[in-house]
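Heads up, the thing below is written out as structure tokens.
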Amino acid sequence: MVEDIYDPLEEYKNVFEPRFKEVCEQTLKEMADEVNIDLAANRETCSNIYSTEKDLSSIKKKRGWWKFLCWVLWITLVVGGLVLYNQWTSWELWLNIVICVVLAGLACLLFIKVHPRLKALKKQQTDTQSTIDNLKSEAWTQMDPLNRLYDWDMLARMMTRTVPRLEFDPYFTTQRLADLEKVYGWDGSFNEDRSVLYSHSGLINGNPFVLCRTRKMEWGEKTYHGSLTIYWTTYERSSDGSTRSVNHSETLHASYTAPYPNYFEKTRLIYGNTAAPDLIFHRQQNGLAGKENSLRFKLNRRQLRKKSEDLKNSDFAMLTNEEFEVAFDTRDRNNNHQHALLFTPLAQHSMMSLLTDNSAGYGDDFDFNKERMINVVIANHMQEMNLDMNPQQFFHFDYDKAVENFHTICANYFRAIYFNLAPLLCIPMYQQIRPVSEIYGHDMPLNSSFWEHEALANFLGQDTFRHPDCVTDCIIKTEQQRNSNNTSTIKISANGYRSVEHTIYIEKYGGDGKVHQVPVVWYEYLPVCGTGTLLMAEDNNVDPNATNIEHANHISDVLQQHHFDFYRRRIASKIMN
């Protein structure tokens, strides 16, 4: 039986972090053993690479000094020759002869010693670089069998082995999306003006979640600036009675503000749970956990007390734990009874521990919004993290460095995702309630949703589908058409904007007393749409008991069908003309 997680922070430090490290080590060792990597040969090759790179660095340094000496000698020759030419008749003969001898010696040094040395060092550098390239090619060949075994689902499998309550889908399915919409009330209009950059769906103790990053366009404003320099002449009488002209100049500045498309990306965790089905609240990070003596904390506590004492606010009553009320401020909640059922004393303690910890976790860096049965957690630490989980980031020619990189990258992923889920794990009721479909079981059709299609198109890059005149980012939308041969044709629309240059003239008064038209160049943004087509097939025939080599061979077989170009998260695709 899987035990509940009552204190996610302590569980992470004492259980999950060390367990995940063991899972990482075991996973990579199993893969290396499976392909029988010759570690001794790889380590010897890499040792030669690093020692040769040191030699190359030394050669570059020597070559740099010799180049410096060459420049100094040439400059000395040129300057000395010019000085001697200009002063030949002014100096005594013996001095001219001495300078000529010195310059001749420098010229001999350049052509007999310096230039040949530079040529030899250049050849030595080229040969050494060639040796390094050959050694690296050999090391990559040695590591190729292991690099081929990395796959998109690796991190998900390791996280599930570490945290049994956590399950990941192979990809975001239409059934998972339908559950969120029909059972939990997810509003599909969320996607109307957004494009999905990546999405990872799954279950937390049977309740669905989606970790996604989206791109949205919002109209803003941009101010353009222009200038015009004017000239005029005035006349004034001098003290002797004569008239003289005075020239003046002034630069006039003008600005013009026009609409401008701004693009924003945000990572969210969306979670469905039927606990407290009527409760709505919006909690924003405030950094007040553990700051009970601060003036801001006291002011917020006073506001909450005043709101609680107001008889008009019948749905709001402060919990006895005022420190929690201030730190996890949900003053806009609509149902105090359901709020108290969720945030029991145990939940309050776990949440406060999470908010005050900045060593293992990230502290108070998240917003937590609940709209009835849909919970949305937006964490700061997730905003800069790329979670497409591309296996190529694990590739390396050095086995020992590959192990180090693998552990570091996976540990960072695990920590980030775990503490994005942690606010939900702080609430015991969320773990105790499971949906009926999870209790009695059901067969979920594995058909990828449009979320996955948009993420796939964005993974290929906006440049693949953007309109030739587009100068902005794109909001990519997709439309699926099922084919008779178990494939799908995905129609892609990349919506962006082209720019049209305009010039507006703005009146400005000049120092000459006249009104001048100052030109300001600005750009109007008009919509354009690029199109493209993907041929796609879901790979639902993965044997969970297959070895890593068998799985890699299976992927190769899938790519050969329909001449697919790439394989990503159990979806094979190719770009159609």
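The values are calculated or read from the model by the stated rules, or taken from the named source; none is laboratory data. Small disclaimer: the values here were computed from a predicted structure and weren't measured. Don't worry about glycine lacking a Cβ; one is built from the backbone with ideal geometry, like all the others, and counts go over all protein chains shown. In case anyone asks, the SASA skips ligands and DNA or RNA and just uses the protein heavy atoms, side chains included. Shrake-Rupley method; radii C 1.70, N 1.55, O 1.52, S 1.80 Å.
Things to note:
- Any hit, the stretch 13-28, residues being more than 30 Å from residue 551 (Cβ to Cβ), open to solvent by 60 Å² or more (accessible area, probe 1.4 Å) and over 29 Å from the mean Cα position of the chain (by Cα): yes
- Just so you know, in the stretch 367-399 the residues that are in contact with a Gly (Cβ under 9 Å, 6 or more places away or on another chain) and of a type in the set (A, V, I, L, M) include one that is nearest to residue 31 (Cα to Cα), and it is 374.
- Extreme residue, nearest to the chain's Cα centre (by Cα), among residues of the stretch 179-219 that are closer than 12 Å to residue 271 by Cβ and hydrophobic (A, V, I, L, M, F, W, C): 212
- Residue check for residue 491: of a type in the set (D, E, K, R), touching a residue at least 24 places away in the same chain (Cβ under 8 Å), touching a Ser or Thr at 6+ places or on another chain (Cβ under 9 Å) and over 30 Å from residue 157 (Cβ atoms): yes
- Scanning the stretch 75-101 for residues that are out of contact with any Leu (no Cβ under 6 Å at 6 or more places or on another chain), modelled with pLDDT under 80 and of a type in the set (Val, Ile, Thr) yields a total of 5.
- Only one entry in 228, 269, 252, 279 is closer than 30 Å to residue 494 by Cα, modelled with pLDDT of 95 or more and surrounded by 14 or more Cβ atoms within 10 Å (Cβ to Cβ), namely 269.
- Close pairs from the stretch 115-136: first surrounded by 14 or more Cβ atoms within 10 Å (Cβ to Cβ), partner among the acidic types (Asp, Glu), Cβ under 8 Å, at least 6 apart: 128/55; 132/53
- The stretch 231-247, residues that are under 15 Å from residue 514 (Cα atoms) and either of a type in the set (A, V, I, L, M, F, W, C) or open to solvent by less than 60 Å² (accessible area, probe 1.4 Å) (or both): 232, 234
- Flag for residue 364 being touching a Gly at 6+ places or on another chain (Cβ under 8 Å) and either of a type in the set (Lys, Arg) or assigned to a loop (DSSP other than H, G, I, E, B) (or both): yes
- When residue 524 is tested against (1) closer than 30 Å to residue 233 by Cα; (2) under 32 Å from the mean Cα position of the chain (by Cα); (3) of a type in the set (Asp, Glu), just one condition goes unmet, and that condition is (1).
- Scanning the stretch 1-10 for residues being at pLDDT 90 or above and either open to solvent by 60 Å² or more (accessible area, probe 1.4 Å) or over 25 Å from residue 159 (Cβ atoms) (or both) gives a total of 1.
- So residue 176, is it crowded, with 18+ Cβ neighbours inside 10 Å, within 30 Å of residue 279 (Cα to Cα) and touching a residue at least 12 places away in the same chain (Cβ under 8 Å): yes
- Matching option when the condition is open to solvent by 40 Å² or more (accessible area, probe 1.4 Å) and charged (D, E, K, R), among 539, 557: 557
- Selection within the stretch 413-435: residues that are polar (S, T, N, Q) and over 13 Å from residue 355 (Cα atoms). The member of this set that is most open to solvent (accessible area, probe 1.4 Å) is 432.
- Failed condition for residue 72, given (1) at pLDDT below 95; (2) surrounded by 15 or more Cβ atoms within 10 Å (Cβ to Cβ): (2)
- Counting only strands (runs of 3 or more DSSP E) that sit completely within the stretch 469-542, those holding 2 or more residues that are closer than 17 Å to residue 455 by Cα and among the small types (Gly, Ala, Ser) correspond to 488-509, 515-538.
- Only one of the numbered conditions (1) over 29 Å from residue 12 (Cβ atoms); (2) open to solvent by 50 Å² or more (accessible area, probe 1.4 Å); (3) hydrophobic (A, V, I, L, M, F, W, C) is violated by residue 346, and that is (1).
- Any hit, the stretch 305-322, residues being in contact (Cβ under 8 Å) with a residue 24 or more places away in the chain and part of a helix (DSSP H, G or I): yes
- Considering residues of the stretch 295-320 that are out of contact with any Phe, Trp or Tyr (no Cβ under 9 Å at 6 or more places or on another chain) and crowded, with 16+ Cβ neighbours inside 10 Å only, the residue nearest to residue 6 (Cα to Cα): 318
- Looking across the stretch 146-159, the residues that are assigned to a helix (DSSP H, G or I) and open to solvent by less than 50 Å² (accessible area, probe 1.4 Å) come down to 146, 147, 154, 155, 156, 158, 159.
- Residue that is farthest from residue 433 (Cα to Cα), among those in the stretch 29-45 that are assigned to a helix (DSSP H, G or I) and open to solvent by 60 Å² or more (accessible area, probe 1.4 Å): 44
- When the stretch 382-398 is filtered for residues that are open to solvent by less than 30 Å² (accessible area, probe 1.4 Å) and either in a helix (DSSP H, G or I) or over 29 Å from residue 568 (Cβ atoms) (or both), the ones remaining, listed by number, are 382, 391, 394.
- Some residue of the stretch 179-195 being farther than 24 Å from residue 378 by Cα, open to solvent by 20 Å² or more (accessible area, probe 1.4 Å) and modelled with pLDDT under 95: no
- Some residue of the stretch 486-501 being exposed (fewer than 15 other Cβ atoms within 10 Å of the Cβ) and polar (S, T, N, Q): yes
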